[in-house]
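Enquirer: Submitted below is the structure of interest, expressed as structure tokens.
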Protein chains: 2
Amino acid sequence: MVFSKTCEYAIRAVIYVAQKSEDGAKVGIKEIAAGIDSPVHFIAKILQDLSKREIVQSTKGPNGGFYIDKDSRKKSLADIVTAIDGDRIFTGCGLGLKNCSESKPCPLHSEFKIIRDKIKLTLHSATIGDFNASLNAGLSFIKER
Amino acid sequence: MVFSKTCEYAIRAVIYVAQKSEDGAKVGIKEIAAGIDSPVHFIAKILQDLSKREIVQSTKGPNGGFYIDKDSRKKSLADIVTAIDGDRIFTGCGLGLKNCSESKPCPLHSEFKIIRDKIKLTLHSATIGDFNASLNAGLSFIKER
DNA sequence: CTTGTAAAAGATAAAAAACTCTTTTATTTA
DNA sequence: TAAATAAAAGAGTTTTTTATCTTTTACAAG
């Protein structure tokens, strides 16, 4: 809808890992891919990226895998989105004009401002750790089937 | 921000043609491309498409060009978006889940519903003809430079 | 009815995004 | 310290999106 496909996978993967590693466990890449219905190698790349940016943590070798530490759990969904898609969604013009601004607005500027601000608020308010309970209770889902 | 680049061009082109053909004049493809800062051949393709879908009108030959008739002026921006990008933006899940729904929601379902509904309202409320005055008055812009 | 004009149509090309495969590095454990 | 494991890194490939170029068709005016 508003994110790149890569970013959609990223958010789902992070939420999944947050839930599965709530108790300190580590989650392997295959389990993650299966858990969110994504191509294994593709989500591996994405998590590599998020790992570099310290949004998720990982360890190699036996019993290794991905997890999310206490600090990272407090990060917002906006941090994931910014890491993957940049700030396009938070600052971009609805009609794609690079120099669209309050002082030189596109015809839809003020309407889109409302939409952007709502997206901003939503993604900044929600933390990575916020979804565990609802997922555990089976009240929400991050997998197709 | 939320549309494909093709769709951004489409909206800008339609708004431009609506303004320029307000008095019944026809607008050539080169003028349109220059008027909205888009690649000539690319916007030509897009307008061809919009013409087939009767969102814009055109005539060939000398003094030909694109214009927008009285009926089409009443159409909404949502009609343009649907023609180019489909209904993805109006109905799609924020996390890309195909079977996300009220009864099997993604963790962000209700938040995204608010965003989608605002986008829907914005695009359905605005008609193609709505922007002439503001553009004529120099209060808004659809061109970079 | 011929010539010039302008959009329509079709075919390609380039760039970006999405996805895959192979090799390397780090870590654990026997 | 060797073997097994799992992520990191790197090097493709495929698909989709964006953009370009050429030919055809329609129309108007002389």
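Enquirer: Please pick out the residue among B:LEU95, B:LEU77 that is free of Cβ contacts under 8 Å to residues at least 24 places away in the same chain, surrounded by 22 or more Cβ atoms within 10 Å (Cβ to Cβ) and more than 15 Å from DNA strand D (Cβ to nearest atom).
Expert: Only one candidate qualifies: B:LEU95.
Enquirer: Can you tell me which residue within the range B:121-139, out of those that are surrounded by 17 or more Cβ atoms within 10 Å (Cβ to Cβ) and within 29 Å of A:LEU123 (Cα to Cα), is farthest from the other protein chains (Cβ to nearest Cβ)?
Expert: Among those residues, the one meeting the criterion is B:LEU123.
Enquirer: Tell me whether the range B:10-25 contains one or more residues that are within 12 Å of DNA strand D (Cβ to nearest atom), assigned to a helix (DSSP H, G or I) and not small (Gly, Ala, Ser).
Expert: Checked against the condition, which is being within 12 Å of DNA strand D (Cβ to nearest atom), assigned to a helix (DSSP H, G or I) and not small (Gly, Ala, Ser), the range B:10-25 yields at least one hit.
Yes or no, residue by residue, for (1) within 11 Å of chain B (Cβ to nearest Cβ); (2) without any contact (Cβ under 8 Å) to a residue 40 or more places away in the chain; (3) within 14 Å of DNA strand C (Cβ to nearest atom); (4) over 18 Å from the mean Cα position of the chain (by Cα):
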position	(1), (2), (3), (4)
A:CYS7	yes, no, yes, no
A:ILE43	no, yes, yes, no
A:GLU54	no, yes, no, no
A:ALA83	no, no, yes, no
A:CYS100	yes, yes, no, yes
A:LEU108	yes, yes, no, yes
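Enquirer: Still on this structure, I have one more. Where in the range B:31-97 are there helices (runs of 4 or more DSSP H), lying fully within it, with 1 or more residues that are farther than 30 Å from A:PHE141 by Cβ and basic (Lys, Arg)?
Expert: Because the criterion is at least 1 residues that are farther than 30 Å from A:PHE141 by Cβ and basic (Lys, Arg), the helices (runs of 4 or more DSSP H) in the range B:31-97 that meet it are B:40-52, B:70-73.
Enquirer: Let me ask another. Specify the residue that is farthest from DNA strand D (Cβ to nearest atom); the eligible residues are those in the range B:31-41 that are within 14 Å of chain A (Cβ to nearest Cβ) and open to solvent by 30 Å² or more (accessible area, probe 1.4 Å).
Expert: Once the filter is applied, the top-ranked residue is B:ASP37.
The values are calculated or read from the model by the stated rules, or taken from the named source; none is laboratory data. Just so you know, these numbers come straight off a predicted model, no measurement behind them. Note: ideal-geometry Cβ built from the backbone for every residue, glycine included; neighbour counts use all protein chains shown. With ligands, DNA and RNA removed, areas are computed over all heavy atoms of the protein, side chains included. Shrake-Rupley method; radii C 1.70, N 1.55, O 1.52, S 1.80 Å.
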